[in-house]
1. Given the conditions (1) part of a strand (DSSP E or B); (2) modelled with pLDDT under 80, report the number of the one that N84 does not fulfil.
2. Just checking, does segment 31-44 include any residue being outside the structural domain of F208 (by TED's automatic domain parsing), outside any helix (DSSP H, G or I), at pLDDT 80 or above and touching a helix residue (DSSP H, G or I) at 6+ places or on another chain (Cβ under 8 Å)?
3. Given the conditions (1) under 22 Å from the mean Cα position of the chain (by Cα); (2) in a helix (DSSP H, G or I); (3) in contact (Cβ under 8 Å) with a residue 24 or more places away in the chain, which single one is not true for K268?
4. Does L220 fit the bill of being outside the structural domain of I102 (by TED's automatic domain parsing), modelled with pLDDT under 95 and either touching a Gly at 6+ places or on another chain (Cβ under 8 Å) or among the hydrophobic types (A, V, I, L, M, F, W, C) (or both)?
5. Given the condition hydrophobic (A, V, I, L, M, F, W, C), surrounded by fewer than 19 Cβ atoms within 10 Å (Cβ to Cβ) and modelled with pLDDT of 95 or more, answer yes or no: does some residue in segment 153-176 qualify?
6. If you go through segment 248-284, how many residues are surrounded by 16 or more Cβ atoms within 10 Å (Cβ to Cβ) and modelled with pLDDT of 85 or more?
Amino acid sequence: MKFWVLKIKEMKSIINILFFCCLLSSTSIVIYSQNGSSKDDRDINFVYSEKLFPKVDLRDAKGSIELWTREIAADMKVSYSFSNEFIQGISTVDNDYIDQEIDLIVLSALEYLVNYEKLKNLSPIIVAAENGKVGVEYLILVHKENNFNSLSDLENNTITFVDEYSSAIPQVWLDVILKTNGLAISNTFFKKIEVSKNTNQAILKTFFKQVGACVVPKNLYESSVEINPQLAKDLVILKQSELFIVGVLCSHNKLNKDLKVDVIQSAKKILQSIKGRQFAIFFRTGELADFKSEHIESLRMLVNNAEKYNINLNR
């Protein structure tokens with residue numbers, strides 16, 4: 001079975017947000033400073049939370065962002081001076097930095113909701129999409145020969161997640177459904193929690209019964225089944241999540257509306273070009289969607305339930 005082919009298929013999911021960051025970044029990299037600096041109306045700061053990036057060399061991510069920015073900056077109607085700033089997370093910056101230095105910021109949707117009050121002067125404006133869907137659905141897969149019919153049957157088994165930027169959301173989702181069913185949270189309920197390098201590896205470990213279950217994106221599982229139909233015969237979907245957006249681009253409310261429109265339109269236009277489509281393949285997404293409030297409601301409900309059960313959200 002040629003499972004290695006899935007590594008190419010996975011490109012459509014694992015770096016959705018990395019691509020998203022690249023679409024909306026800049027032409028130079030500056031060092032983050034709490035002190036800030038004065039800038040004129042044409043100096044625009046793009047800020048990126050490193051919580052969004054997969055576990056890749058950050059230098060590679062920055063290099064990819066630079067390439068995308070050149071294309072977008074060249075297409076914009078008005079010439080601006082852009083800078084890229086990278087922060088470890090919203091918790092590492094203060095309110096003055098948020099209000100004075102952030103024009104546009106790309107961060108995880110979970111991070112945005114957890115720090116909602118701190119980010120009250122920021123508004124989500126755009127998200128990544130794929131095949132018309134905004135967000136990612138997750139599955140808990142088990143092998144049918146293990147006769148796992150409910151979550152309670154997985155107690156003291158090993159479960160594996162995927163080592164990617166979005167792993168925080170499925171882990172919170174799993175903890176919430178465990179608590180909803182009167183069970184302990186995952187780090188107590190399971191014998192061991194593993195992290196696989198990619199979705200292909202997580203599925204294979206479950207297929208060969210090396211682990212009791214895996215949590216993977218639905219679209220990547222479906223790609224696996226297209227290549228290896230035997231997976232659908234031997235693996236059972238124990239649970240399926242709602243669509244959860246992984247990341248958002250937010251703009252500061254002080255930012256000029258025409259500038260926001262210019263950036264978004266340029267990003268979308270570049271995506272349709274020959275060079276843009278080549279980057280789209282590399283960055284594993286195909287569409288950009290204007291943010292709508294309903295896009296984040298499923299994640300907001302998940303966060304509310306997690307807080308009700310005192311589940312850790314700072315992941």
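The values are calculated or read from the model by the stated rules, or taken from the named source; none is laboratory data. Every value quoted in this text rests on a predicted model; they were computed, and no experiment measured them. Because the Cβ atoms are built from the backbone with ideal geometry, glycine has one as well, and the counts that use them run over all protein chains shown.
1. Among (1) part of a strand (DSSP E or B); (2) modelled with pLDDT under 80, N84 violates only (2).
2. Of the residues in segment 31-44, the ones outside the structural domain of F208 (by TED's automatic domain parsing) are 31-44.
Still in the list and also outside any helix (DSSP H, G or I): 31-44.
Then keep just the ones that are at pLDDT 80 or above; that gives 44.
Of the ones still in play, those that are also touching a helix residue (DSSP H, G or I) at 6+ places or on another chain (Cβ under 8 Å) are 44.
So far as segment 31-44 goes, yes, one or more of its residues are outside the structural domain of F208 (by TED's automatic domain parsing), outside any helix (DSSP H, G or I), at pLDDT 80 or above and touching a helix residue (DSSP H, G or I) at 6+ places or on another chain (Cβ under 8 Å).
3. (3)
4. On the way: outside the structural domain of I102 (by TED's automatic domain parsing): yes; modelled with pLDDT under 95: yes; either touching a Gly at 6+ places or on another chain (Cβ under 8 Å) or among the hydrophobic types (A, V, I, L, M, F, W, C) (or both): yes.
Yes, satisfied.
5. The answer is no; no qualifying residue exists.
6. 9
Residue-by-condition table, conditions (1) surrounded by fewer than 20 Cβ atoms within 10 Å (Cβ to Cβ); (2) outside any strand (DSSP E or B); (3) not polar (S, T, N, Q):
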{"position": "D96", "(1), (2), (3)": "yes, yes, yes"}
{"position": "Q100", "(1), (2), (3)": "yes, yes, no"}
{"position": "L107", "(1), (2), (3)": "no, no, yes"}
{"position": "L110", "(1), (2), (3)": "no, yes, yes"}
{"position": "K120", "(1), (2), (3)": "yes, yes, yes"}
{"position": "I125", "(1), (2), (3)": "yes, no, yes"}
